[in-house]
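Chemist: Got a structure here, written out as structure tokens. Questions coming.
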Amino acid sequence: MKRIHNKIAIFAAISLLFLFCSCNSAPSRVDYIVDTTPELFPDYTNTTFPSTIAPPNFCIELVGDEYYIAITGEDHVYFTYRGASAEVIIPPSKWRELCGDVGDGDFWIDISISNGGKWTQYAPIINSISTNKIDEYLAYRLLYPGYELWNEMGIYQRELSTYSEECVFSNDRVDKGCVNCHAFSNWSADTMMLHVRGKHGGTIIKQGDKTDLVQTNTTEFPNGAVYPSWHPQGRYIAFSSNEIRQYFHTSGIKPVEVSDSNSDLFIFDTNTNKQISSIDIAAKNKMETFPTWNNSGDVLYFCSADFKKDNKIEEVRYNLYSVSFDPETALLGDTVLVVDAQKLQKSISFPRVSPCGNYIMYTLSDYGNFSIWHPESDLYLLNLRDSTTRLMSEVNSSDVESYHCWSSSGDWFVFSSKRVDGLWAHPYIAAFDKDSGVASKPFALPQDDPKFYKEFMRTFNIPEFTTTKIDLNYKN
Amino acid sequence: MRKTNIVIFSLLFIALSSIFVDALGYTFAYREQEHLFLFDTQFFSSLVASVGGVGEYASLFVTQFFYVPYLGEVILALILSFIYLLSSAASYRLFKAYDPLFLALIPVVYLLTSYESLSFNISHVTSFFTVLLSIYILTFIKNRVVFVVVLSLVMALYCYAFGWIYVCAAATVIFLTTLSAYLFKSVVFIHKKWFIGVVLLLYTLFASVAFVQSYNAKEKLMALTELALQKGDWDSVLAYASKSRLNSSLMHYYQNMALAYSGRLSTSLFNHRQAVGSKSLYVTYDTNSSQFTKVGHYVYEYIGHIHEATHWANESIVVYGESSYNLINLIKYNILLGKPKVAMRYIRRLDKSLFYKNIALYYKNMIDRGDMPNIYLHKENNSDVRFTNTQSFRGELDAMIALNPLNKNALTYKFAFLLLEKKFSEFVSELIAATNSGIIVESDITDQYLQALLVYGQVTGASTPLDHLITDELKGRYIGYIRAKSDKNWAELKSRYKSSYWLYLDYSDLL
């Protein structure tokens, strides 16, 4: 009796193995071969992934009865899938194996699609793996893409090597107040800040184990702190103080305009809770905003536009300026015009200096500073070595590209793009060659569900890399 | 006693079903419109991630059936009836005694009266029911130690999944039911049937009083009006609005929306109460009344200001969530604005519901057409940047007319606005201009417009090219009106001139 049981078990195991193998086996014959690659969603074609990223699951955007996919390296097949679903879920273990083996090299996605019993084999999709280090976490704000009102929002943190996402700070904790502008010093979550608006408002500043709620609105800066940039040494935070207004377009493609009726900059000393400013960064005839430090912390870059009482929103354009800063004495020097965008009838927002110090990436739009609502806004790169600036056509799309952040190594950067449908912003990551100043084709942050970016109803705001996990430890 | 419980359960079910079908019927449609249940993993995970999220998920699951008349009412009546039965049965299974006071009826009465308010969250019912059902199922575990361990674990889990309050409430109800059963166990009832009858009668009286006291007729009227508006049942909207004697600008807004959408704004504006003037023609954003957020899009959709209608619909979805109503509005507007991918995201959302798949399919097919039946959008490209002034509705009307002078809806609305603002001189000059340019023809000039024209002539002494339209009969009526006014004959004014512009002009404060 026992023998019979054993035989049944062996037979069942072999049958299952056979079934498993046949499920994932390649089509026995190919009827057509085409030299184009099928469209994937998200577009994971001809791009470069960091070796530590989570598996980039995708959907094949072609209709078929059956799909066969093989993900291969130079001489090894890492993963095959055959089935009726166009969704391809790569097992993390197989992906890790691939990333480990490929190193700084290419891998291929071979796709065949069956329609009416006829198999079509498409040209292989080529992607690359880079062992250049990317930071472990990405922090962002998630909220419904509303106009004026909000309900639920929060700052979230995603572990890039997995799909794990944690809520760092939800506005449930502050009676649905607005939480925004999370910023980190040197990509470290140990020194960070975020604003809370409303009844429980203030700026939460965390430095090591100490977390405080600080009020930054003074008579000199009644609008308080808005857009931040941490000084690399962790003592100062440069803030803009903006009087923000919202407007709604009557016609055209843009729905909303967010504009400043006035703005200035100040530097907040976290040791003394004092504000430092000067005419150079808080001029009465200028609107200064979007401060950002260079890596040594001795130059502050910022955007500035002319202030006129009867400013027409569509005529407000921001140039890029810099001002020297002495961290020892906290004294500011003279301002220098870095990029004259007004001359080109354009406007700059979100300048960010690369960790190598050789580049500034910024967003350029037709006017104003809130480029996330401007479909024409694109990423530009200023080479500080030769003062040339160029449109980053390798990463831009026909829709919005806006907020961006360098990784701590400078080998990667993340940016917000609305390329999927024009309303929801999603984080895209691109590899960056520090020598040539050229980026790879960007890829959407991988998600467990391949349809995620078509169905997720919240928009990603302010993607920021961090090297450590955020533990805000703030009890209001 | 077991039979008694079954009988009470059956009676309870019949009574609750009757109440839900009749007096509270509107609440089901209203609640269904407020929420949308989606068969989607993201939807599930976003809800269950928080404390009480499973309860919320369960309540939304139940609420989706409110879409079908009677089905939702029967389901909720069953759930409430089962709350009674499960409490009694669990108590009996644990302690082998029945409660002669039927204390398990108290939470049912409480939940029923609470349900009357539209702000009541159904999850209170579903969560309480689920906890009771679980306790009842667990009572089948015969080993007491295993029962206590499993019950403790399940209840600890439920504290997170549904909220501790439901676990405590269920435990309290079962405890009190058992205590009552224990205390009365040795009592021998001589007239048991009479005793039960009297107890049940007392419950019925108590429930009736509590029900009547919690009944909110104003809320009901408002909800019915809103539902009728959403369905496009304009006559019902007008009927409900006429029932309301409140000077509520929201109710007046609903009324005027019904007039506009049914094409009666130019003919019947003054056939209805206009107690709040031009403010009843639009809504302004008001943080104290988020109800306005939900309905602000109507007027902008009517006048073809689709950008602003989208603005309001977006605010509504942020405040009220992804209800079918909000999603459908955003689908329509984004199709019109040439944003098919945005519309598709909302369509995909709708497609994940149980009862809106056909509507999702309908709009999916509309995407390629790029227009919407009965919604007007001026699509001519205009490179000028113009921003909506949410504080000046008049400015928006002017902008819509300037964008397209043939926008008749905007023009009709502007006429209504000027009449309600009592700016008859401006009205007359606009009317003449519109007639001269052929946008409206003389046959479009209604009696209420002629009344304003007549007043203009009388007050200013000026003649207009449209004076020939004023009939002798109208002149005679005006003379009669002036006589009644000088005689302060309020009865005649109210009876003969109730629907006239003249009465509104002179006595709008008293309307």
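Chemist: Residue A:252 - would you say it is of a type outside the set (S, T, N, Q), part of a loop (DSSP other than H, G, I, E, B) and at pLDDT below 90?
Modeler: yes
Chemist: Hey, another quick one. Residue check, residue A:205 against (1) assigned to a strand (DSSP E or B); (2) of a type outside the set (Ser, Thr, Tyr); (3) modelled with pLDDT of 95 or more, all met but one. Which one?
Modeler: With (1) assigned to a strand (DSSP E or B); (2) of a type outside the set (Ser, Thr, Tyr); (3) modelled with pLDDT of 95 or more applied to residue A:205, the lone miss is (3).
Chemist: Looking only at segment A:148-197, count every residue that is in contact (Cβ under 8 Å) with a residue 60 or more places away in the chain, open to solvent by 30 Å² or more (accessible area, probe 1.4 Å) and either outside the structural domain of residue A:228 (by TED's automatic domain parsing) or more than 17 Å from the chain's Cα centre (by Cα) (or both) and tell me the total.
Modeler: 3
Chemist: State which residue is farthest from residue A:421 (Cα to Cα) when the search covers only segment A:448-463 and only residues that are open to solvent by 20 Å² or more (accessible area, probe 1.4 Å) and in contact (Cβ under 8 Å) with a residue 12 or more places away in the chain.
Modeler: The residue in question is A:448.
Chemist: Among the residues of segment A:352-384, write down those that are part of a loop (DSSP other than H, G, I, E, B), of a type in the set (A, V, I, L, M, F, W, C) and free of Cβ contacts under 8 Å to residues at least 40 places away in the same chain.
Modeler: Passing the criteria: only A:384.
Chemist: Could you figure out which of (1) in contact (Cβ under 8 Å) with a residue 40 or more places away in the chain; (2) closer than 29 Å to residue A:151 by Cβ isn't true of residue A:215?
Modeler: Condition not satisfied by residue A:215: (1).
Chemist: When the residues of segment B:144-199 are narrowed to those that are open to solvent by 80 Å² or more (accessible area, probe 1.4 Å) and not in a helix (DSSP H, G or I), which ends up nearest to residue B:133 (Cα to Cα)?
Modeler: Selected residue: B:185.
Chemist: How many of the residues in segment B:390-411 are closer than 22 Å to residue B:438 by Cα and β-branched (Val, Ile, Thr)?
Modeler: 1
Chemist: Exactly one condition in (1) polar (S, T, N, Q); (2) over 18 Å from residue B:52 (Cβ atoms); (3) free of Cβ contacts under 8 Å to residues at least 60 places away in the same chain is not met by residue B:119; state its number.
Modeler: (2)
Chemist: Which one of these is among the hydroxyl-bearing types (Ser, Thr, Tyr), in contact (Cβ under 8 Å) with a residue 24 or more places away in the chain and facing another protein chain (nearest Cβ under 10 Å): B:320, B:346?
Modeler: Going through B:320, B:346 in turn, the sole match is B:320.
Chemist: Would it be correct to say that residue B:299 is open to solvent by less than 10 Å² (accessible area, probe 1.4 Å), within 19 Å of the chain's Cα centre (by Cα) and closer than 18 Å to residue B:407 by Cα?
Modeler: Yes, satisfied.
Chemist: Across segment B:331-343, what is the total count of residues that are within 9 Å of chain A (Cβ to nearest Cβ) and among the charged types (D, E, K, R)?
Modeler: Residues in segment B:331-343 being within 9 Å of chain A (Cβ to nearest Cβ) and among the charged types (D, E, K, R): 2 in total.
Chemist: Take segment A:264-286 and flag every residue that is free of Cβ contacts under 8 Å to residues at least 40 places away in the same chain and part of a strand (DSSP E or B).
Modeler: A:265, A:274, A:286
Chemist: Also, I was wondering about something else. Taking residue B:106 as the residue in question, decide whether it is over 22 Å from the mean Cα position of the chain (by Cα) and buried (at least 19 other Cβ atoms within 10 Å of the Cβ).
Modeler: It is false that residue B:106 is over 22 Å from the mean Cα position of the chain (by Cα) and buried (at least 19 other Cβ atoms within 10 Å of the Cβ).
Chemist: May I ask you to list the residues in segment B:351-375 that are in contact (Cβ under 8 Å) with a residue 40 or more places away in the chain and either more than 22 Å from residue B:305 (Cα to Cα) or surrounded by 21 or more Cβ atoms within 10 Å (Cβ to Cβ) (or both)?
Modeler: Matches in segment B:351-375: B:352, B:353, B:354, B:355, B:356.
Chemist: So, residue A:110, is that one modelled with pLDDT of 95 or more, acidic (Asp, Glu) and buried (at least 21 other Cβ atoms within 10 Å of the Cβ) or not?
Modeler: no
Chemist: Within segment A:259-284, restricting attention to residues that are surrounded by fewer than 18 Cβ atoms within 10 Å (Cβ to Cβ) and aliphatic (A, V, I, L, M), which residue is nearest to the other protein chains (Cβ to nearest Cβ)?
Modeler: Here the residue is A:283.
Chemist: Does any residue of segment B:302-309 turn out to be open to solvent by less than 40 Å² (accessible area, probe 1.4 Å), away from every other protein chain (no Cβ under 12 Å) and of a type outside the set (Asp, Glu)?
Modeler: Yes, because at least one residue in segment B:302-309 is open to solvent by less than 40 Å² (accessible area, probe 1.4 Å), away from every other protein chain (no Cβ under 12 Å) and of a type outside the set (Asp, Glu).
Chemist: Next up: I need the full set of residues from segment A:208-250 which are open to solvent by less than 30 Å² (accessible area, probe 1.4 Å), within 28 Å of residue B:391 (Cα to Cα) and either of a type in the set (Ser, Thr, Tyr) or within 10 Å of chain B (Cβ to nearest Cβ) (or both), in order please.
Modeler: Passing the criteria: A:241, A:248, A:249, A:250.
Chemist: Cβ-Cβ distance below 8 Å, separation of 6 or more or different chains: which pairs start in segment B:490-511 with a residue that is closer than 17 Å to residue B:479 by Cβ and modelled with pLDDT of 90 or more and end on one that is in a loop (DSSP other than H, G, I, E, B) and open to solvent by less than 50 Å² (accessible area, probe 1.4 Å)?
Modeler: These pairs meet every condition: B:503/B:497.
Chemist: Would you check which residues across segment B:459-481 are surrounded by 13 or more Cβ atoms within 10 Å (Cβ to Cβ), farther than 18 Å from residue B:435 by Cα, of a type outside the set (Lys, Arg) and without any contact (Cβ under 8 Å) to a residue 24 or more places away in the chain and list them?
Modeler: The answer is B:480, B:481.
Chemist: State which residue pairs qualify: first residue touching a residue at least 40 places away in the same chain (Cβ under 8 Å) and small (Gly, Ala, Ser) and inside segment A:335-351, second residue part of a helix (DSSP H, G or I) and surrounded by 13 or more Cβ atoms within 10 Å (Cβ to Cβ) in any location, beta carbons under 7 Å apart, and separation of 6 or more residues or different chains.
Modeler: Hits for this filter: A:349/A:371.
Chemist: Considering only segment A:301-315, how many residues are within 14 Å of chain B (Cβ to nearest Cβ) and touching a Ser or Thr at 6+ places or on another chain (Cβ under 7 Å)?
Modeler: Adding up the residues that qualify gives 1.
Chemist: Turning to a different aspect of this structure: Which condition number does residue B:202 fail, the rest of (1) open to solvent by 50 Å² or more (accessible area, probe 1.4 Å); (2) touching a residue at least 24 places away in the same chain (Cβ under 8 Å) being met?
Modeler: Evaluating residue B:202 over (1) open to solvent by 50 Å² or more (accessible area, probe 1.4 Å); (2) touching a residue at least 24 places away in the same chain (Cβ under 8 Å) leaves (2) as the failure.
Chemist: Would you pick out the residues in segment B:49-76 that are on the phi < 0 side of the Ramachandran plot and within 14 Å of chain A (Cβ to nearest Cβ)?
Modeler: B:49, B:50, B:51, B:53, B:56, listed by residue number.
Chemist: To continue, here is another question. Could you check segment B:378-395 and list, in sequence order, the residues that are more than 8 Å from chain A (Cβ to nearest Cβ), at pLDDT 75 or above and touching a helix residue (DSSP H, G or I) at 6+ places or on another chain (Cβ under 8 Å)?
Modeler: Listed by number, the residues that qualify are B:389, B:393, B:394.
Chemist: Right, something else. Is it true that residue A:444 is within 14 Å of another protein chain (Cβ to nearest Cβ) and open to solvent by less than 30 Å² (accessible area, probe 1.4 Å)?
Modeler: When the stated conditions are applied, residue A:444 does not pass them.
Chemist: In this structure, is residue A:454 within 13 Å of chain B (Cβ to nearest Cβ) and touching a strand residue (DSSP E or B) at 6+ places or on another chain (Cβ under 9 Å)?
Modeler: The answer is yes for residue A:454.
The values are calculated or read from the model by the stated rules, or taken from the named source; none is laboratory data. These numbers come from a predicted model, not from an experiment. Every residue, glycine as well, gets a Cβ built from its backbone with ideal geometry; the counts of neighbours run over all protein chains shown. What goes into the accessible areas is simple: the full protein's heavy atoms, side chains included, and nothing from ligands, DNA or RNA. Shrake-Rupley method; radii C 1.70, N 1.55, O 1.52, S 1.80 Å.
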